[in-house]
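First up is the structure itself, then whatever we jot down about it.
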Amino acid sequence: MLSRVDSRSSGFSNVAASAVSFSDGPLFKSGCGPLLSQVSQLVRSSPLRAIFSDIHGNLDALEAVLADIKEQKIDEIYCLGDIVGYGPNPRECIDRVREHCTASLLGNHDQGALFDPEGFNAGAERAIFWTRSVLETGPGSEDRWEFLGDLPRVIKEPDHLFVHGSARNPLNEYVFPEDIYNQRKMERIFSLVEKNCFQGHTHIPGVFTEDMNFLTPEEVDFEYQLVNQKHLVNVGSVGQPRNGVPQSSYVILDGDTVRFRRVDYDVDATANKIYAIPELDNFLGDRLRDGR
Ligand SMILES: [Fe+2]
């Protein structure tokens, strides 16, 4: 079902390999989850899929989102990258993604942790060097590095493309709402998309339509039909929202219907962890309270 494009490694990663077959990649590895998942897929034409992005080391947010996903009886979870960077729990977030996600992509901050960060501001660069130092130590560090190093940049399916940034530059290009006024940029990006592209990176959820509109989740009452034209769907951010809403964002894809979810988490707990780590600027905690 999946094909990997432009992987940094020569072979399929464990995560991508498990994404090829539903049967050997249960979503939640306890209780009756796998059986329910397989039964629900038998009666559906396509799997019920949760798609999230930009966790940024925020474990409190990720655990709240995973709990919400569990309640929705989801078959598969896709993560669009930036598992680490900015936040206080990079190890734990990688471990949760490895455990729960059917597939995951490499984000620019994940790459920054692996290699030298490029184009980062001073605060983001300090955070990524601290993140790297945490990932280099402790039990399981080699497995985590290997996992990050094997992440693909693109997942391509017949109707759906999955990237961190954009179809044109999967790792680094931002597609902001105001880009609907940049016709040349949007036409070029849409020309690279067969039908729908799911992306993150800006931390601003919403739908871009091929006729140059951007629709916020509120404007579509949190549900949108991906029909009649091509779409770019930004799934928002789990761990560092920038849409003025402090809740985590993710989407559920159910056939042609995309549903935007908002999830409360303990923002103060994460902010306090950030304040306690000298290498992470206090601003990184402050911004979580406003979703900026
Ligand atoms: Fe990000």
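Stretch residue 72-residue 157 to full length: gain in nm at 0.36 nm per residue minus the Cα-Cα span?
Gain on stretching residue 72 to residue 157: 28.3 nm.
Please state, as a whole number in µm²/s, the translational diffusion coefficient that the Stokes-Einstein equation yields for the range 91-133 at 10 °C and 1.306 mPa s, with Rh defined as the Kirkwood radius across alpha carbon pairs.
Value of D from the Cα-based Kirkwood radius: 141 µm²/s.
Please report, in Å, the Rg and the Dmax of the range 3-290, where both are computed over Cα atoms only.
Just the Cα atoms of the range 3-290 yield Rg and Dmax of 17.7, 52 Å.
How many lysine pairs are close in the range 3-290, with Cα atoms under 14 Å apart and the two 8 or more places apart or on different chains?
Lysine pairs meeting the criterion: 4.
Using label points projected 7 Å from each Cα along Cα→Cβ, tell me how many nm separate residue 92 and residue 220, to one decimal.
3.3 nm
Please work out how much length the chain gains when fully extended from residue 176 to residue 118, using 0.36 nm per residue of separation minus the C-alpha to C-alpha distance, in nm with one decimal.
Values: separation 58, 0.36 × 58 = 20.88 nm, distance 2.00 nm.
The residue 176-residue 118 span can extend by a further 18.9 nm.
Return 216, 131, 202 ranked ascending by Cβ neighbour count within 10 Å, so the fewest neighbours appear first.
Result, fewest neighbours first: 216, 202, 131.
Ignoring solvent entirely, what values of log10 I(q)/I(0) come out of the Debye formula for the range 192-268 at 0.19 Å⁻¹ when each Cα is a single scatterer?
Results for the range 192-268 at q = 0.19 Å⁻¹ read -0.74.
Where the centre of each part is set by its Cα atoms, how far does the range 239-292 sit from the range 102-168, in angstrom?
18 Å
What are the semi-axes of the equivalent ellipsoid of the range 143-292, taken as the square roots of 5 times the eigenvalues of the Cα gyration tensor, listed largest first and rounded to whole Å?
Working from the Cα gyration tensor, I get semi-axes of 28, 19, 15 Å.
The numbers here are math on the coordinates, done by the rules we state, and not lab data. Quick caveat: nothing in here was measured; it's all calculated off a predicted structure. Positions of Cβ are generated from backbone atoms using ideal geometry, with glycine treated the same way; all protein chains shown enter the neighbour counts.
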